[in-house]
1. Please count how many residues of region 102-126 are within 28 Å of residue 63 (Cβ to Cβ) and buried (at least 16 other Cβ atoms within 10 Å of the Cβ).
2. Evaluate region 16-23: report whether one residue or more is modelled with pLDDT of 95 or more, under 20 Å from residue 156 (Cβ atoms), surrounded by fewer than 24 Cβ atoms within 10 Å (Cβ to Cβ) and not assigned by TED's automatic domain parsing to the domain that holds residue 219.
3. Which residues, counting only those in region 224-253, are without any contact (Cβ under 8 Å) to a residue 24 or more places away in the chain and closer than 17 Å to residue 296 by Cα?
4. Taking residue 368 as the residue in question, decide whether it is farther than 17 Å from residue 30 by Cβ, in the same structural domain as residue 192 (by TED's automatic domain parsing), modelled with pLDDT of 95 or more and in a helix (DSSP H, G or I).
5. Output the qualifying pairs, or none if there are none: Cβ atoms under 6 angstrom, residues six or more apart or on different chains, first residue in region 307-330 and free of Cβ contacts under 8 Å to residues at least 60 places away in the same chain, second residue in a loop (DSSP other than H, G, I, E, B) and buried (at least 20 other Cβ atoms within 10 Å of the Cβ).
6. Look through 309, 293, 329 and report the one residue that is modelled with pLDDT of 95 or more, within 26 Å of residue 160 (Cα to Cα) and not assigned by TED's automatic domain parsing to the domain that holds residue 154.
7. So how many residues does region 266-312 have that are in a helix (DSSP H, G or I) and closer than 22 Å to residue 108 by Cα?
8. Only one residue in 107, 89 is under 30 Å from residue 302 (Cβ atoms) and out of contact with any helix residue (DSSP H, G or I) (no Cβ under 7 Å at 6 or more places or on another chain). Which one?
């Protein structure tokens, strides 16, 4: 820990103004990986600033309220699974309300002649969802951080590394011993100038690494009741016709609010499906009761500039997830990668984002220990 931890101004900033210009660690991005890294670093005594370009925390954990105020739905991350110890521990520690994904009943296979009922549900596996949406997890982590740690509306444009790192944003700069890049690598290299430049192999890898959810349209359809359950259906479907290719139940505990959601993968720059196209597909699958939903929400992650770089749908090198080059810091050991795409464990999951954050925190702690040891030896 440096003297910055003692001198930092605790005032929370929401507009990008600088509460302090010197911290131990600057974290770029207030998604779950960045917030988890900040939480762990602060717990070990570091001063931290989390710089977020959006006006909210959460990143791809995005859970807006339904129009009628009956609950929140997930437009990004939805599930976590048994056997994922990091997210399970965080949920328990923060007392986040969760419930089991509804998987009971039969599934549907969508073919040109219509929907074919499949006995049982081979599509879903046991998993958990957040009662108040996945964004409630990041909100809880952010709320537990010291006031002033998270700076919203603060888009980082440049990172310079010399004796320390200097992080530039429109309202000013901040210096730090370490910088944690909690953004998809492809977005980071598209949005941020690094001086000196990233090593050629690292920059090249980051530029071609796919963005989880980045080329996906996610559709949530809110109904008055989960009528499919009355017919012994799980709400799950697989389609080779579309527009939604994979469909699941997204209802809350006890079936309220009632909702179905689906993924629309995009391999090019074409438009997202229309509400009429969504209704038509659901009627083919679930019958006339699906014709009159309360609300249809269509989230096109290609249009999220704080998640997806231009042309994100062309990034298909999924073997880059968890690549060796993301496992170690770069730029004189001061720049660390923590997005879910960089994780070797569960890349694309919340668990992966937490694993990547854990790795970065360990690297920073090891570097500080080595520095302290060297200083002691030189006395």
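The values are calculated or read from the model by the stated rules, or taken from the named source; none is laboratory data. In this text the structure is predicted, and so the values were computed from the model without any measurement. With ideal geometry, Cβ positions are generated from the backbone for all residues, glycine too; neighbour counts draw on all protein chains shown.
1. Here the count works out to 9.
2. Our first condition is that a residue be modelled with pLDDT of 95 or more; within region 16-23, this holds for 22-23.
Now drop any that are not under 20 Å from residue 156 (Cβ atoms), which leaves 22-23.
From what is left, the residues that are surrounded by fewer than 24 Cβ atoms within 10 Å (Cβ to Cβ) are 22.
Now restrict to residues that are not assigned by TED's automatic domain parsing to the domain that holds residue 219: 22.
Yes, region 16-23 has at least one match.
3. 245
4. On the way: farther than 17 Å from residue 30 by Cβ: yes; in the same structural domain as residue 192 (by TED's automatic domain parsing): yes; modelled with pLDDT of 95 or more: no; in a helix (DSSP H, G or I): yes.
Spelling it out, it is not the case that residue 368 is farther than 17 Å from residue 30 by Cβ, in the same structural domain as residue 192 (by TED's automatic domain parsing), modelled with pLDDT of 95 or more and in a helix (DSSP H, G or I).
5. Every condition considered, the pairs that remain are 322/343; 322/347.
6. Numbers: 293 fails: within 26 Å of residue 160 (Cα to Cα); 329 fails: not assigned by TED's automatic domain parsing to the domain that holds residue 154.
309 is the lone residue from the list that is modelled with pLDDT of 95 or more, within 26 Å of residue 160 (Cα to Cα) and not assigned by TED's automatic domain parsing to the domain that holds residue 154.
7. Of the residues in region 266-312, the ones in a helix (DSSP H, G or I) are 275-286, 288-291, 301-303, 312.
Those still in the list that are closer than 22 Å to residue 108 by Cα too: 275-286, 288-291.
Total meeting the criteria: 16.
8. Details: 89 fails: under 30 Å from residue 302 (Cβ atoms).
Only one candidate qualifies: 107.
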